[in-house]
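The values are calculated or read from the model by the stated rules, or taken from the named source; none is laboratory data. The model shown is predicted, which means the values in this text are computed figures rather than measured ones. For neighbour counting, all protein chains shown are included, and Cβ atoms are generated from backbone atoms with ideal geometry for every residue, glycine included. Quick note on the areas: whole protein, heavy atoms, side chains included, nothing else; ligands and nucleic acids left out. Shrake-Rupley method; radii C 1.70, N 1.55, O 1.52, S 1.80 Å.
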Amino acid sequence: MSISEDKIKNKLQSPGDDLVFFVNGKKITEKNADPEITLLTYLRRSLGLTGTKLGCAEGGCGACTVMVSKYHPNQNRIIHYAINACLAPLCSLHHCAVTTVEGIGSVASKLHPVQERIAKAHGSQCGFCTPGIVMSMYALLRNNPQPTMHDIQEAFQGNLCRCTGYRPILEGYRTFTKDGGCCGGKSQTNGCCMTNGNTQEHENSAHPVQHLYDQSEFMPLDPTQEIIFPPELVSLSKQTQREMRFVGERVLWIQPCSLKELLELKATYPNAKLVVGNTEVGIEMKFKNLLYPVILAPAYIPELNIIQHTQDGIEVGASVTLTVLGDVLQSAVKKLPAYQTEVFKAVLEQLRWFAGQQIRNVAAVGGNIMTASPISDLNPVFMAAGCKLTVMSKGEKRVLEMDDKFFTGYRKTALKPEEILLSIEIPYTKKGQYFSAFKQSPRKEDDISIVTCGMNVYFKEQSNTVQSIRISYGGMAPVTVLATATCNKLLNRQWNEDLLEEACSSLAEEMSLSPSAPGGMVTYRRTLTISLFYKFFLTVQHKLAVSLQMEGVTVEDIQPEFSTATELFQVDTPSSVQLYQEVPPGQNEDDVVGHPIIHLSALKQATGEAVYCDDMPCYENELHLALVTSTKAHALIKSIDTSSAMSVPGVVAFISAKDIPGSNMTGPVVYDETVFADDKVTCVGHIVGAIVADTQAHAQRAAKVVKISYEELKPVIVTIQDAINNKSFFEPVRTIEKGDVAQGFKDSDHILHGEMHIGGQEQFYLETNCTLAVPRGEDGEMELFVSTQSASKTQALVAKALGVPANRVVCRVKRMGGGFGGKESRSTILSTVVAVAAQKVKCPVRCMLDRDEDMLVTGGRHPFFGQYKVGFMKNGRVMALEVTLYSNAGNSLDLSLSILERALFHMDNSYNIPNICGTGYMCKTNLPSNSAFRGFGGPQGMMIAESWMSDVALSCGLPAEEVRRMNMYNEGDLTHFNQRLDQFTIARCWEECMQLSDFNKRKDAVEKYNRQHRWTKRGLSIIPTKFGISFTAVFLNQAGALVHVYSDGSVLLTHGGTEMGQGLHTKMVQVASKTLEIPCTKIHITETSTSTVPNTSPTAASASSDLNGMAVYNACQTILQRLQPFKEKNPKGCWEDWVTAAYFDRVNLSANGFYKTPDLGYDFDTNSGRPFNYFSYGVAVSEVEIDCLTGSHKNLHTSIVMDVGKSLNPALDIGQVEGGFMQGLGLFTLEELRYSPDGYLYTRGPGMYKIPAFGDIPSELKVSLLRDAPNDKAIFSSKAVGEPPLFLAASVFYAIKDAITAARAESGLTGPFRLDSPATPERIRNACEDKFTKLCPPADPGTFIPWAVQV
């Protein structure tokens, strides 16, 4: 019998039990624990512990990592593990101790070594991911005070960082390892400290090794000083447990303490969900709007936690976590003979790449099976192994085999509603049995799979004849499937080439997919089923040959050049070198310009004390806002029904266009957008209204039930191709032409045509957009705390929407958790809405977007499509070029024109083309408006240039590096927009990079490797970049600063730039310190505010240090002039004496500074003028290895030489180079935004959208800042560094293309071929055409509706 909804409602009226747990050593008794509240919300909102951050709410970024400790009565010990607080239900923490980043140390009292080392090793830039990384490391050290580098890399699989490029984090934490940051000479590369001295001596004997930080200053780790586990919890855990009930608004949480109770409850509530880690149900409730009124928590039931060895295998209880399962199997593999543990090894191989450590620590093996996900990593293994599942209900217990009947439909199993899964038995293998598991995903670590499989074969004794075989696939149907037909064909066959051929053609037929299948990538997935079987075939053939040989039977072994296809993926320990020019001896010790000092907020960021927008304490009467957005891409709004929403508890108001006191029109350049959609929506995610309520949860719940009815409009234009077909473009069309293009083509030996598509990119700042608006109650005043790069634009657009002058609105920015251009103009779409709401409800309103909302509404980097025609001589010299660029601008103009112009300015990259013509179109589409992102169109323009350059080299059959070098500019040349190149250092960068990377030796090694291996190939590429520095809109090249000197000698500095992790405030303090000749400690920057420096330009275009630095310098000079008479009177005095004297003499000790970049301005009609103040240059060499069967690749080596002038701060600059490079690596090889043909974004979080992780950094990374290259155009001879390095990641893309070229040659394919960006495993595999790809031809376009389209 099941209980009716009314009865559940009645249960929700009765009071629940007290939840008892500890946080940072303090006991907490929560009388009203709501099952829907996560630990993260409780820490931040109820306890005010804001160090733990919200990055994604789905357990994919690690920003919310905390450590949980609990006493384990069975093992009689205390266990510590890292978890994602964003998924952990508060109710699951009964009798646990939670440690957050605040609990281990603080700047105010004492830092913990884990906090100190990440900060001092420059591993914290914006700092938003830092507390989570600190806690992952802390939990590792609590369990293992002397970890290996491999342990550290594993601990970070569930943590993401968007700023640093990961290298400094690993480097800083390497100091905790057994070898104390030394590889013990085992590193064969010259990233080793023992050889480092030598390499640098032969590269540059005059410059000894310098380090960015001094390791000897680090505090030692003392494990005895950690917080003790509360003794009270030990005694509480030893007492007899009773059933616990926690009652929320909508959910009843029951934690039974015996199996009998659990079965009774499941009989009473057959639809109740069993939750252990909440890593699946939590996501369903949040993102799929599912509600489970009753949740049963069986985590503590002994029978569900058993681990026992039976005669057939190991039986594991359904509540056992994946981490524990891994430990159990690991120890079995060590103890038992190898032939018995084939399945265990396969499960362990899948667990290595299963989510991140924080998820594995809580996710239960039973949950993984019962979720019945079609792309589960483990189910195909369990199915191929024929694991036995014990299921139980109140009346019976039965054993099922996991076979093709177990999964009955999408996310459904053969269990009855009242049954629970008790345990799974993972079997031993026998002699003559071989088992493998494979998982293919876009990114290696913490990623959902595209295709997974388990393969199991058993041979007749002393032969290679198949006795039985089972092959199971995930990702090929709505359920995990067995390839039964294929397996039946292989029985009693010999394991040889004939069997392989039969298996491949049979799999191609049996594992078919509709071309419209959900998940897309149909050709790739079908090819993978065959390629993965081929890997299994080779693995088994090799193992069989070896074991039969011992028994005196000879069968053919695999060819040596096939051996790499059988190897499992190994993670290399990364090594790195950073080179920079040290300051000359004798520089004043107070002058820290040129020194690698740490980011001024790094220590606060590492302790969680740094305050971000959403960390500000709540106001007394504060309300929360949630957006209501469109679900249609192009439609008229017929009606909005808010009745259900208004009846949700705590809801105060619904805000829409009619509530706007001022103007609904908005936009950063032209007013072509609305604050709220009025009668029409033009994209999915278009903001229609907003709900204001007492809590974020109530606001979000209400927003989801606002009903909007639409009348759909045609056409829906989503892709660039749609826009071209419908002639849907924004005005104007831009053209730059130089020379005589027609004549150039006539003079050329050859002409080739080509095209390339470059996908968009989500900024993925770890801190999503956030605004807190506080109405001041008089004269229409409003104070805004915003995470934005454009304080002045936010002020102006909010004032416009509120209908007040700008002087009534103050916008304040303390710091951002990353920006990258995404908060330059798009942050205002949220700020205006929150301000209008605050004005209406007359109290403070806060909104921090969830990751899925942020990705939906804000747009990202512009996708580009380029078509080119290039004329060249047979020696590779390019004579003429015609390029047409199309950018996907989205539904409004935003900054698209400036982005397109920058793409045209960079269409030459670093190459001198005598006759050139480029035209650019901005496509108007039904997508959220695309916007600024680091590089701002430059990388897209240069990527097209490198595409035709690579085609030219392939057509001529010449080495790509020679063709590139031959076409490069020289000092004094004019660009295609007629600007002279002065102080042109790219040739120096090129030579140094060739030397730093040992290019020629490396090239020979790559060629040798490729001759010896058929199924893995290596590639090598060298790519230059030239990036113009200045806003192309001339008026933006201005900045202001304000310097207050107080009578005690301390200095308060304010300037127009915002801090988003790039270290701008740190550099400005360095500039002021050098100018005023006082130590940095006397200078403080508190925030950026429109009330101190007005009319500021956005912190963008890499120019902020140049502009604000000069403004700060200008203000400081004014102060110095005023102090000069007092210095002359008292030359022996100190700073404080002169300031005091000036104050008593009534001298003004406050000065504002201003700067505008001179001689800028360009005219498109005459193609003349100076669009840029100067250029930043760089060159990178990268080497990769691709797996031709799966399309995966490994980044083996990257060397970068970057010209940053005379660096203001080498640590920050190298951080920018590495961080920019890693973002580019994401853009060109990993990150893919996927839209449906109706304009719906599928990739709305780290689950589906993959930014680079710790494991994606090149195994060997060398970064060198060019020496002796002062730049007279900027402050203290420095150069801009934010955007220029990003494009250098194209060296990885073209290295991949080089490797694919080698793979194609094996199939007899030569010459240019098209490879679009990003070079995902899918694109790499499909480009490596071979006998397997031929078995899976793609369906003809136009014959089906694809699941996703290339926008």
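Overview of results
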item	result
Loop trypsin sites (Lys or Arg not before Pro), the range 798-857, which have at most 15 other Cβ atoms in a 10 Å radius of their Cβ (DSSP)	LYS842
Relative contact order (percent, whole number), the chain, Cα cutoff 8 Å, 6+ residue spacing	11
Over 31 Å (Cα to Cα) - which of LYS814/LYS1129; LYS707/LYS793; LYS120/LYS444; LYS7/LYS70; LYS632/LYS658 fall in this group	LYS814/LYS1129; LYS707/LYS793; LYS7/LYS70
Accessible surface, the range 795-902, averaged per residue in Å² (probe 1.4 Å)	21
Per-residue SASA entry for GLU767, accessible area with 1.4 Å probe, Å² rounded to 10	0
Built amide H within the under 5 Å cut-off of CYS1188, gap 5+	THR1016, LYS1017
Principal axis dimensions, largest first and in whole angstrom, of the range 911-1017 by Cα	50, 41, 27
As computed over the range 591-698, the Cα convex hull volume per residue (Å³)	226
Interchain or long-range residues, amide H under 5 Å from LEU623's placed H	VAL845, ARG846
Solvent-accessible area, 1.4 Å probe, carbon plus sulfur percent, for the chain	51
Residue-normalised accessible area of the range 371-475, given per residue in Å² at a 1.4 Å probe	34
List ASP572, ASP951, ordered by accessible area with a 1.4 Å probe, largest first	ASP572, ASP951
Residue order for ILE78, ILE83 - accessible surface, 1.4 angstrom probe, largest first	ILE78, ILE83
Principal semi-axes in Å for the range 346-408 [√(5λ), Cα gyration tensor, largest first]	23, 15, 10
Solvent exposure of the range 1233-1324 as accessible area per residue, Å², 1.4 Å probe	25
Mean separation of Cα contacts under 8 Å (6+ apart) over length of the range 312-439, as relative contact order %	38
Cα-based reach from LYS431 at 18 Å (exclusive), listing lysines while leaving out same-chain residues under 8 positions away	LYS334, LYS335, LYS345, LYS460, LYS543
ILE359 - accessible surface, heavy atoms, 1.4 Å probe, Å² rounded to 10	20
Exposure rank, largest accessible area first [ASP403, ASP1268; 1.4 Å]	ASP1268, ASP403
Percent RCO, i.e. relative contact order, over the range 1050-1120, from Cα pairs under 8 Å lying at least 6 residues apart	46
Three-way shape call for the range 1039-1095 based on the alpha-carbon gyration tensor, with the a/c threshold at 1.5	oblate
Accessible-area value, TYR1294, 1.4 Å probe, nucleic acids and ligands omitted, Å²	10
Shape of the range 289-413, Cα gyration tensor, a/c cut at 1.5	rounded
From the C-alpha gyration tensor of the range 9-130, square roots of 5λ in Å	28, 18, 13
Farthest toward positive dipole pole in the chain [+1 Lys/Arg, -1 Asp/Glu at C-beta], among PHE730, THR788, LEU802	LEU802
Inverse of mean 1/r across different Cα pairs in the range 779-844, Kirkwood, Å	11.8
Shape category assigned to the range 722-880 from the gyration tensor of Cα positions, a/c cut at 1.5	prolate
Over the chain: Rg over Rh, Cα atoms, Kirkwood Rh	0.96
Reciprocal of mean inverse Cα separation for the range 526-613 (Kirkwood radius, Å)	19.8
